[in-house]
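**Q** Have a look at this one.
The values are calculated or read from the model by the stated rules, or taken from the named source; none is laboratory data. A quick note: this is a predicted structure, and the numbers were derived from the prediction, not measured. For neighbour counting, all protein chains shown are included, and Cβ atoms are generated from backbone atoms with ideal geometry for every residue, glycine included.
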Amino acid sequence: MENSPFIALVKHRTSCRAYEPKPVPRDHLELMLEAARLAPSACNKQPWRFAVVQDEATRMRLINEAFLSGIPMRWAEHAGAIVALGMEKSAITHRIAPKISGVDYPLIDVGIAGEHLVLQAEELGLGTCWIGWIKPKKVRQIVGWPPSITAVGLITVGWPAAQPQPRPRLDLEAIAKWI
């Protein structure tokens, strides 16, 4: 297991909060979106929507207007791009099924797609950071999504200024039960 290239990739991936002020090539962003597009989803509904924000003025609007206050995140200003993650819910799978099961399937689906995106970024040498501390309606307004799409997060993407130290993780024995 220690020799797994995938485990090595996952171990190396951390939340980047220091970026070089350099643009991210479009082909890198397209590859990241392709990885996200290929994610599995409940009933193959693919509820994810993405808005890739590279324009500096729009990135600054997201940072200044769409982040919740209280936690300063000025480091996001240097990210080469911000990817907005949106969720479009279908009537049956995404509105009725969660009422029956209590599981928010589209949110899980968007999370899987977002993680595919950040792992592809890691393989390309890019840093990423998920941001959930947002104002969803403001994100939707800034990126121009219709009301049917709910913003669920932002992911900063860029060239790391420094590799963050990995955070401690619980041992496998603390989180897994064998039956």
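**Q** Could you give me the residue pairs with C-beta distances under 8 Å whose first residue belongs to the stretch 147-158 and is in contact (Cβ under 8 Å) with a residue 24 or more places away in the chain and closer than 11 Å to residue 50 by Cβ, whose second residue is part of a strand (DSSP E or B) and of a type in the set (Ser, Thr, Tyr) wherever it lies, and which are 6+ apart or on separate chains?
**A** Every condition considered, the pairs that remain are 155/128.
**Q** When the stretch 1-43 is examined, which residues are found to be at pLDDT below 90 and within 27 Å of residue 104 (Cβ to Cβ)?
**A** Those that are at pLDDT below 90 and within 27 Å of residue 104 (Cβ to Cβ): 42, 43.
**Q** So which residues in the stretch 99-118 are more than 14 Å from residue 150 (Cα to Cα), crowded, with 18+ Cβ neighbours inside 10 Å and of a type in the set (A, V, I, L, M, F, W, C)?
**A** If the condition is that a residue be more than 14 Å from residue 150 (Cα to Cα), crowded, with 18+ Cβ neighbours inside 10 Å and of a type in the set (A, V, I, L, M, F, W, C), then 113, 117, 118 are the ones that fit.
**Q** Looking at the stretch 56-142, what helices (runs of 4 or more DSSP H) fall wholly within it and have at least 2 residues that are more than 18 Å from the chain's Cα centre (by Cα) and either closer than 20 Å to residue 162 by Cα or free of Cβ contacts under 8 Å to residues at least 12 places away in the same chain (or both)?
**A** Qualifying helices (runs of 4 or more DSSP H): 56-61, 97-101.
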